[in-house]
Amino acid sequence: MTVITLGPEGTFSHELALRLKCDPVVLEPTIHRIFASVAAGNGDGIVPIENSEAGGVGETLDGLTKYPLSIIAEMYMPVHHNFASLVPLDKIRVIYAHPQTHEQCSTWIERWQVPVIHTSSNASSAIEAKKTPNAGAILSASAAAMYKLPIIAGHIENNPGNTTRFVRIATVPCASNQSGKCSLLIDPDIDRAGLLYDLLGVFATRRINLTRIESRPSKKGMGKYVFFLDYAVNTYTDEALRELREITNIRNLGCYPRIEVPL
């Protein structure tokens, strides 16, 4: 099965696909392009959905809202960032970094007081740093080696336990809905006092554990939001979903297993 993920070569998404021995792997320049390609039937996709330091990945959440796709697996990968450049640190005049990478390394970046230019991926940061005088990039060790950029400072992430959660997306959901985790998109069509309380109460009264809840602008106007929920399956899950449909608009994003990532 073809797997589509974020390129160019050297991104963490690409590294994950290689670790999982996906073949063939197709690289797209943006997460939006990954979703569009999967929706067109060109293969499954692997996208980052949240990071332990920087939180949810907006492009992925927007893609799940826009496209009728399902999550069929999740993967967790430790993420370590490095600063690499062709010149010494005291000569650096600009740093290239992906926005999520910037947030995950904000403490180190603030210490140097150097302007940061955002890029579409860590690999793109390496490419820009190589062609810009007195520039550096924040990227993975494998990307630094791939693009022949010497590492000047290693493991510069704010948290040594920095981890990114990835999901595999597909046009067809998993055959079984008894996997350990499920994801749900809630798109309220009304705004009233107590709505969120009622939504969460559907899970609380059935002792269904919510492992994540996140809001995201619905793109329908100021103050209008959709909610992403992850929850652990129990015997009352189907009953909870039936009650939710009576309260608001929901879309089941799928129930899925966790796949361990080889070191």
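Remark: ALA40 matches the filter, which requires a residue to be surrounded by fewer than 20 Cβ atoms within 10 Å (Cβ to Cβ), small (Gly, Ala, Ser) and without any contact (Cβ under 8 Å) to a residue 24 or more places away in the chain. Taking strands (runs of 3 or more DSSP E) as the structural unit, no element lying wholly within region 1-51 holds at least 2 residues that are in the same structural domain as ALA126 (by TED's automatic domain parsing) and among the acidic types (Asp, Glu). The set of residues in region 172-210 that are charged (D, E, K, R) and loosely packed, with under 12 Cβ neighbours inside 10 Å comprises ASP189, ASP191, ARG192, ARG207.
Can you pull out every residue in region 137-159 that is at negative phi and either without any contact (Cβ under 8 Å) to a residue 24 or more places away in the chain or among the small types (Gly, Ala, Ser) (or both)? Correct list: ALA137, SER140, ALA141, SER142, ALA143, ALA144, ALA145, ALA153, GLY154. Give me the residue from region 127-149 that is out of contact with any Gly (no Cβ under 9 Å at 6 or more places or on another chain) and in a loop (DSSP other than H, G, I, E, B) and, out of that set, nearest to HIS14 (Cα to Cα). Out of the qualifying residues, it is LYS148. Looking at this structure, is THR60 under 18 Å from GLN100 (Cα atoms), surrounded by fewer than 20 Cβ atoms within 10 Å (Cβ to Cβ), in contact with a helix residue (DSSP H, G or I) (Cβ under 8 Å, 6 or more places away or on another chain) and not acidic (Asp, Glu)? Against the criterion (under 18 Å from GLN100 (Cα atoms), surrounded by fewer than 20 Cβ atoms within 10 Å (Cβ to Cβ), in contact with a helix residue (DSSP H, G or I) (Cβ under 8 Å, 6 or more places away or on another chain) and not acidic (Asp, Glu)), THR60 does not qualify.
Scanning region 107-136 for residues that are closer than 11 Å to ILE95 by Cβ and polar (S, T, N, Q) turns up GLN113, THR119, SER125, THR132, ASN134.
Hey, does region 77-91 have a residue that's over 27 Å from GLY254 (Cβ atoms) and modelled with pLDDT under 95? Yes - at least one qualifying residue is present in region 77-91.
Per the listing ILE156, ILE169, ILE152, the residue uniquely buried (at least 18 other Cβ atoms within 10 Å of the Cβ) and part of a strand (DSSP E or B) is ILE169. Just one of the numbered conditions (1) touching a Lys or Arg at 6+ places or on another chain (Cβ under 8 Å); (2) part of a helix (DSSP H, G or I); (3) within 16 Å of PHE12 (Cα to Cα); (4) not aromatic (Phe, Trp, Tyr) is not true of LEU61: (3).
The values are calculated or read from the model by the stated rules, or taken from the named source; none is laboratory data. Being a predicted model, the structure only gives us computed values, none of them experimental. When we count neighbours, we look across all protein chains shown, and the Cβ atoms used for this are built from the backbone with ideal geometry, even at glycine.
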